[in-house]
Every structure is written in structure tokens, then in C-alpha cells.
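Just below is one structure, and these are the notes that go with it.
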């Protein structure tokens, strides 16, 4: 098992080596979304950042005001109405609005608007990823390791499970992280919007080699993906050195 994981990791590294130097800028970044799901998550992130910044600036301004004119600030900010509005009504209204908005976005993410064109089963194992491309009947069509190929513009459903400990499946550029709990199967639906190569990672500590439990997501044009999938179905070719010995 360890040997298979190392071979798959070497193959992933070889894919990275073929990328241009500029490709690494957004290789693993939740702030560089390339799917509708990731865009929704990024929008919430910027909303929270913006709101936190505005509140911080307001608090600093009130602090400066109270230090520059302590007597006047005491009368204004210490008034009962100011305490009720600023200390109770404002936080309740703001946090309630954020909660409602976040729940609405989460509901949209959890309920994909269209049926999947491709189903992929990802199995977390210490310390590598088994990737099974499923047929319509749910059988394994093609299997790979530590590298996921997807078609751009097509909806994809992931079926996520683990065979040992808790793992967390995370593709920052394409979706949020999903925990993989022993004995349970979780689903994740995405639609990559353009071809590219991105990096994924196990986001839950799962043992000594957790840091090496990474994978690549290769998004291709639908035509290139179909050609890749057809090539994976072909019988494995013997190594060149083996064929040379037979001559």
C-alpha cells in the first residue's frame, strides 16, 4: 500500500513539474474560486472580512472619541439608549442577518440544481486517496490514486468515504472541505468552470504522514476528459524494459 501511494505521489509531482511557473499562484487557494460552489464560499468569506473590518474601524473610532472627549463620550455612549442599540440590537440584527444568509447559501450548495454527468468515489486511506470513476449503475469503471480528472462545465458528484480514520476532503479552489467519517458516505456536488490544475489536501490530522496526503485535481475540456477516460479503460501496457528483454 505504501509503495502504491508513493508511486501515485510521484505521478502527481510529475504533473506539477509540467506546469508553467505562473500556474502555482492559485494552485491551492480558497480565494481563487473556479466553481459556483467555491465562488459562493468565497463571497461569504469576503462578506465576513468586510463586516469585521467595518466593525473594527467603528470600535476604534468610538475608542478615539472616548479618549479625546471622555466627559462628552461618557454622556453619549453611556446613555441607556446607546447601550441597548449598540450593545444589544445591533449585534443581534447583524448576526441574525449573517446567519440567515449563510444558511440560504449552504442550502443552495447542498442541493445541486442539475443531475450529475459524472460520479466519482473518493476513498481516504492512510495515507493516500483511492479514486474510483463510477458507471451509471454504481460500479467502478476506472480507478486511479492521488489524482482526480474532471470535465470542465459538467456537474460532478463526489461520494466520499474512509476505510480507516477520519479524513477531510478539501479542494480549496473548487469546494469547501468535507469530513469523511468511518461508516458513513457523504456527497459533494461541484461544477468546475474552466480547465486547470489545482491541489487538494486532507484537512484533518490522520497520522504521521498526514502532511503528505495531498492530491491533484486536473480539470480538462470535456473532449480531453472523454479521451483520457477512454485511455484509462485500455489494458495496461508492459514496461518498455520488459518488452526489450523478450526480444
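Every read-out reported here was derived from the displayed coordinates using simple, explicitly stated rules and does not represent laboratory data. Not measured: the values here are computed from a predicted model. For neighbour counting, all protein chains shown are included, and Cβ atoms are generated from backbone atoms with ideal geometry for every residue, glycine included.
In angstrom, the C-alpha Rg and Dmax of the stretch 51-175 are 25.4, 76. Working value for the stretch 36-110: equivalent-ellipsoid semi-axes of 34, 15, 4 Å, each the square root of 5 times a Cα gyration tensor eigenvalue, largest first. When you work out D = kT/(6 pi eta Rh) for the stretch 158-237 at 20 °C and 1.002 mPa s, using the Kirkwood radius from C-alpha pairs as Rh and the Stokes-Einstein form, the result is 149 µm²/s.
Overall dimensions of the stretch 28-74, expressed as equivalent-ellipsoid semi-axes from the Cα gyration tensor (√(5λ), whole Å, largest first), are 39, 8, 4. Between helix 2-17 and the chain there is an angle of about 70 degrees, using the helix long axis and the longest principal axis of the Cα atoms.
Scoring 89-102, 185-198, 219-232 by mean Cβ neighbours within 10 Å over their residues and listing the highest first yields 185-198, 219-232, 89-102.
Calculated mean residue ellipticity, 222 nm, the chain: -13500 deg cm²/dmol, from DSSP H runs (n ≥ 4) at -39500 (n - 2.57) each, averaged per residue and rounded to 500. The alpha-carbon positions of the chain define a convex hull whose volume is 182 Å³ per residue. Here the relative contact order of the chain, from alpha carbon pairs under 8 Å that lie six or more residues apart, stands at 21 percent. Taking the C-alpha atoms only, the angle from helix 222-232 to the longest principal axis of the chain is near 50 degrees. Helix 90-110 versus the longest principal axis of the chain: what angle, 0 to 90°, nearest 10, using Cα atoms? Compared with the principal axis, the helix lies near 20 degrees.
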